[in-house]
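Trainee: There's a structure below that I have some questions on.
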Amino acid sequence: MGKPRRLIVIGNGMSGIATLEHLLKKTNDMDITVFGTEPYVNYNRVLLSTVLSGESLLNDIILNPQEWYDKNGIKLHTGTTITKIDKDNKIVVSDQGDYHPYDTLLIATGSNPFIPPIKGIKMSDGTQRPGIFTFRNLDDTRTMMEWARKSRKAIVIGGGLLGLEAAKGLVNQGMDVTVAHLMDRLMEMQLDTASAEILRQEVTRLGINVLLSHSAEEVITDGEEIAGVRFTNGSAYEADMVVISAGIRPNISIAADSGISVNRGIIVDDYMQTNVPGIFAVGECVEHRGKIYGIVAPIIEQAKVAAGAISGDSRVMYKGSIIATKLKVADIPLAAIGNIRQSVGCEEIVFSDPGVSVYRKLVIQGGIIAGAILLGDLKGYERYVQLIQDQEDISLQRKTILFDQPETFKSVASMPDNTTICGCMGVSKGEIIKAIQEHELTGIQGISEKTRACTSCKGCAPLIEQILQNVLGGEYVKHEGLQDFCDCIPMTWEEIKKEVILLGLKSVSKILKIMGNGHGCASCRHGLNYLLTELYIDDFEKEPDTLPLNDMVHANVQKDETFSVVPRTFGGVITPNELRVIADVADRYEVPMVKITGGQRIDLLGIKREQLQSVWSDLNMPSGHAYTKAFRTCKTCVGDMFCRYGVQDSVSLGIKMEKLFQGIPCPGKVKMGVSGCPRSCVETKIKDVGIVGIQTGWEVYVGGNGGVKTRIAELLAVVNTGEEVLDITGIFLQYYRENARWTERTSNFVERVGIEHIREELLEDTSGKVDNYRDRIRQVIEAYKDPWAASQKESLIS
Ligand SMILES: Cc1cc2nc3c(=O)[nH]c(=O)nc-3n(C[C@H](O)[C@H](O)[C@H](O)COP(=O)(O)OP(=O)(O)OC[C@H]3O[C@@H](n4cnc5c(N)ncnc54)[C@H](O)[C@@H]3O)c2cc1C
């Protein structure tokens, strides 16, 4: 047996390692060495934004841990830069001065951020001024986060995808952020004027200040420190941190210096080979047929081809990629597919509703879709990609193509097997099904490990969950990325639920005895108690000590161990008599503070525990549930009853909602709001369920949160009547109750499951469960008892 061929990979990033993953499927007789400048194993660069925004840690974004390299016999040199390629002697030289011979070389050096010539970026000694950042790697991200902690105002230069992601991350770090963009619209590469304007509005709503047509001229300094940025139009803005996100440039210097052909990128042929036999290149550093790619999906296609060519299999060639990518720009779903530029003979089919931040456009050339923009509503994405790939003539479908999706594309079940499910990693439905069946996979993590699907932007997670559901049927329980519910019962929430049903367990103590450590802790006992209410409504063994103090005494304990008592004021409307009663109670019990809450209610603070029963009795009003994981309150504005702008009766609807859903236990607290017009004075878009009156009826938004991490609710449905609002809210609430994990707020739940999937489930009834949800929530509503009244009765009886 001859010596194994030596393969050296320069660049431990996404494309280099993707090539190795594909190569290892074809051959394991190569001696592989990887060099990476960064001091880390291979991680998912796409998810750096989530690190910056505080949603992920390094561990969460690692793609291949050290064990993967070890297992596959790959020698990894982190923190090592290759400084020279000696192509004649087939040797690379590292910055440590070592020489490494190779038989085959793969260059995967990615890109460098482009830094425009702006005065003040460099200090007098030529180094970059502290406080000025680019956003390319983990170290950039970490230092940015550290700097943000001691800073107040950031200016992000560049309003492309990365600039906006950086801006959002910094807003999450508590900074006051301005994005200054050279062009007259954001993300001009992916968006046209109208969609870019909708995006601008949404971005502004996140608290990011946007300056368009602003070209940075100088970083203003105060001594060595950054004081702001001046623009060529004379305006200047204060800042103590500047992030430059003005595009990327392929990292070609090492190839160029060694005499490999380069243009804007390293020039490669259809096998990803450079002009030097045995030297291949992939990723952002390459130029193929004159094109350079800056997103993951095309570079993964390149990686597959390079792996084939390196292993000696030249059947697959790279012919270039249709750029089709789902992006999540500052939490706003966006897909840009193909070519969206208008050229001679192009036609456009457009739907635009800035009121709900939805924009859908198809660019048609000679009867064939050339490109598409989907903003705010990604329905049809897979179909349009397929149509562009197949160059199918859509002339006869033009009346319906923007809205009606044929049965085959309505749900994953009916999509053809060659439909791309993970656009980033180029994984088809058929490949996922094969992996599930061959490896008996039961969750997304396994599928990611075997196929690499859902390892990048994770936007395909809901589709993969549907595939799992279709393939495994009733066997499928959502396991993914889940931690055990609690150390006392080391199983996931889903596993516990399945087991509790299977074993017919009806008390927290039995669950803990059979499945856990026997006693549990305050936190898991509470969660299990909720599980029983969700499964059996009222028909289970009540064990008061499974509840936290607040839920036991139906009031909210304060730091001085007194309680806050909040009676319910349906829809925030209160009668003079109720006001008098509250005032009398406050006087009678010498309540130290009476306070209007954020949820339009009156809070009596400082009640002693022994006073609680008589306070409730004297109030004789229902509990406002200001203390538990349940539906709490429904804020309303005055709507068309009094307001000049109101177009709908928000007060009546809000009262009905609060009466219907009052006190219903949920996995997390649930707050609602009804606005009588799109001005949304009750901040409906940061509610778990937010209803907005429009001329023709109501919009129903779900998954908003105004708390620690603000999240704008997403549009679930537009309906005509208040009755329909109550119906869809009830169905959504029950869907959330049954499918969310304990303590998962609707904002996280909607984020995890995906609004499109929720729409399919609840509006299109793809799983056929809507009647069941409707029926269950009705039973829950009917079983509801006011806890204060119930506890009065109990005390009378005992
Ligand atoms: C913040 C951020 C968000 C993004 N979001 C998205 C997104 O939502 N969707 C999407 O599709 N794409 C996104 N991208 C782009 C995507 O990450 C890149 O397309 C992809 O990482 C490119 O892979 P690559 O292997 O070509 O380069 P990289 O992943 O950058 O890897 C190149 C590696 O080579 C190393 N290197 C360079 N020169 C040398 C040398 N001489 N010696 C040794 N090592 C060297 C570099 O340090 C680097 O680690 C994002 C990028 C960033 C930075």
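Trainee: Could you order VAL718, VAL177 so the one with the most accessible surface comes first? Probe is 1.4 Å. The partial results should precede the final answer.
Mentor: Numbers: VAL718 85, VAL177 0 Å².
Accessible-area ranking of VAL718, VAL177, largest first: VAL718, VAL177.
Trainee: Under unit Cβ charges (Lys, Arg +1; Asp, Glu -1), what dipole magnitude, rounded to 20 debye, does the chain have relative to its Cα centre?
Mentor: Value, rounded to 20: 420 debye.
Trainee: Across the stretch 455-590, how large is the tail of the calculated P(r) beyond 20 Å, expressed as a percent of all Cα pairs?
Mentor: 64 percent
Trainee: Within the accessible area of the chain, what % is carbon and sulfur when the probe is 1.4 Å and the other protein chains stay in place?
Mentor: Whole-percent figure for carbon plus sulfur exposure: 51.
Trainee: Pick out, from VAL210, GLY426, LEU463, the residue whose Cα sits farthest towards the positive end of the charge dipole of the chain, with +1 on the Cβ of Lys and Arg and -1 on the Cβ of Asp and Glu.
Mentor: It is VAL210, whose Cα lies furthest towards the positive end.
Trainee: Which whole-angstrom value gives the distance between the alpha carbon centres of the stretch 1-69 and the stretch 259-299?
Mentor: 19 Å
Trainee: Something else about it: I need the GluC sites (Glu not before Pro) found in the stretch 429-470, filtered to DSSP loop residues with at most 10 other beta carbons within 10 Å of theirs.
Mentor: Within the stretch 429-470, the qualifying GluC sites (Glu not before Pro) (loop, at most 10 other Cβ atoms within 10 Å) are GLU440.
Trainee: Count the lysine pairs in the stretch 16-106 whose Cα atoms lie under 25 Å apart, taking only pairs 8 or more positions apart in sequence or on different chains.
Mentor: 8
Trainee: When a/c reaches 1.5 or more, the comparison of a/b and b/c decides; with that in mind, is the stretch 512-552 rounded, prolate or oblate per its Cα gyration tensor? Provide the component values of the computation, followed by the final result.
Mentor: Details: a/c = 1.93, a/b = 1.13, b/c = 1.71.
Verdict is oblate for the stretch 512-552.
Trainee: I've got another one for you. Length gain on complete extension for the stretch ASP125 to ARG142, per 0.36 nm per residue less the alpha carbon to alpha carbon distance? All intermediate terms of the calculation are to be shown ahead of the outcome.
Mentor: On the way: separation 17, 0.36 × 17 = 6.12 nm, distance 2.43 nm.
So the extension gain works out to 3.7 nm.
Trainee: Let me ask you something else. Could you do me a favour and compute the accessible area per residue for the chain, 1.4 Å probe, result in Å²?
Mentor: Numbers: 34600 Å² over 798 residues.
Heavy-atom accessible area per residue stands at 43 Å².
Trainee: Residue separation times 0.36 nm, minus the C-alpha to C-alpha distance between SER523 and VAL638: what's the value?
Mentor: Numbers: separation 115, 0.36 × 115 = 41.40 nm, distance 3.94 nm.
Full extension from SER523 to VAL638 adds 37.5 nm.
Trainee: Amide H neighbours of ILE664 under 5 Å, at least 5 residues apart or on other chains, H built in the peptide plane: list them.
Mentor: For ILE664, whose amide H was placed from the backbone, the distant partners under 5 Å are PHE631.
Trainee: Considering the alpha-carbon set of the chain alone, what are its Rg and its Dmax in angstrom?
Mentor: Every Cα atom of the chain included, Rg and Dmax give 29.3, 96 Å.
Trainee: In the chain, if the dipole is taken from +1 on Lys/Arg beta carbons and -1 on Asp/Glu beta carbons about the Cα centre, which of LEU612, ASN44, GLN734 is farthest to the positive end?
Mentor: ASN44
Trainee: Going by the alpha-carbon gyration tensor, a ≥ b ≥ c the square roots of its eigenvalues, is the stretch 645-699 rounded (a/c under 1.5) or, if a/c is not under 1.5, prolate (a/b greater than b/c) versus oblate?
Mentor: Since a/c reaches 1.5 and a/b is larger than b/c, the shape of the stretch 645-699 is classed as prolate.
Trainee: Can you give me the solvent accessible area of PHE231 with a 1.4 Å probe, rounded to the nearest 10 Å²?
Mentor: Ignoring ligands and nucleic acids, PHE231 comes out at about 0 Å².
Trainee: Just the projected area, averaged over all directions, of the convex hull on the alpha carbon atoms of the stretch 37-113: how many nm²?
Mentor: 6.4 nm²
Trainee: Now a separate question. Given the C-alpha centroids of the stretch 611-630 and the stretch 559-574, what is the distance between them in whole angstrom?
Mentor: That distance is 7 Å.
Trainee: The stretch 511-538 to the stretch 705-783: how many Å between their Cα centroids?
Mentor: What the calculation gives is 24 Å, centre to centre.
Trainee: Follow-up question, since we're still on this one. Percentage of Cα-Cα pair distances in the stretch 256-402 greater than 21 Å, rounded to whole percent?
Mentor: 53 percent
Trainee: Let me ask another. So what is Rg over Rh here for the stretch 156-245, counting just Cα atoms and using Kirkwood for Rh?
Mentor: Rounded to two decimals, Rg/Rh equals 0.97.
Trainee: So which lysines pass the test for LYS497, namely a Cα distance under 27 Å, with those fewer than 8 places away in the same chain ruled out?
Mentor: Straight-distance partners of LYS497: LYS458, LYS478, LYS506, LYS510, LYS513, LYS542, LYS629, LYS669, LYS671, LYS769, LYS785.
Trainee: Setting aside same-chain residues fewer than 8 positions from LYS168, which lysines have a Cα under 16 Å from its Cα?
Mentor: LYS153, LYS328, LYS709
Trainee: Moving to a separate point now. Kindly provide the GluC sites (Glu not before Pro) of the stretch 204-282 that DSSP labels as loop, not H, G, I, E or B, and whose Cβ sees at most 14 other Cβ atoms within 10 Å.
Mentor: On the way: sites: GLU217, GLU218, GLU224, GLU225, GLU238; in loops: GLU224.
Sites meeting the loop and neighbour criteria: GLU224.
Trainee: Computed over the Cα atoms, what is the radius of gyration of the stretch 626-721 divided by 2.2 N^0.38 Å, N being its residue count?
Mentor: Values: Rg = 12.6 Å, N = 96, 2.2 N^0.38 = 12.5 Å.
Output field value: 1.01.
Trainee: When only Cα pairs under 8 Å and 6 or more residues apart are kept, what is the percent relative contact order across the stretch 536-652?
Mentor: In percent, rounded to a whole number, it is 28.
Trainee: Between rounded, prolate and oblate, where does the stretch 697-742 land on the alpha carbon gyration tensor, with a ≥ b ≥ c its root eigenvalues, rounded for a/c under 1.5, else prolate if a/b exceeds b/c?
Mentor: oblate
Trainee: I've got another one for you. Per q in 0.11, 0.14 Å⁻¹, report the Debye log10 I(q)/I(0) for the stretch 142-296, using one uniform scatterer on each alpha carbon and no solvent.
Mentor: -0.57, -0.80
Trainee: DSSP loop chymotrypsin sites (Phe, Trp or Tyr not before Pro) in the stretch 88-124 with at most 13 other Cβ atoms within 10 Å of their Cβ, which ones?
Mentor: PHE114
The values are calculated or read from the model by the stated rules, or taken from the named source; none is laboratory data. Source: prediction; values computed, not measured. Cβ: placed from backbone, ideal geometry, glycine included. Neighbour counts: every protein chain shown. Note: areas computed on protein heavy atoms with side chains; ligands, DNA, RNA excluded. Shrake-Rupley method; radii C 1.70, N 1.55, O 1.52, S 1.80 Å.
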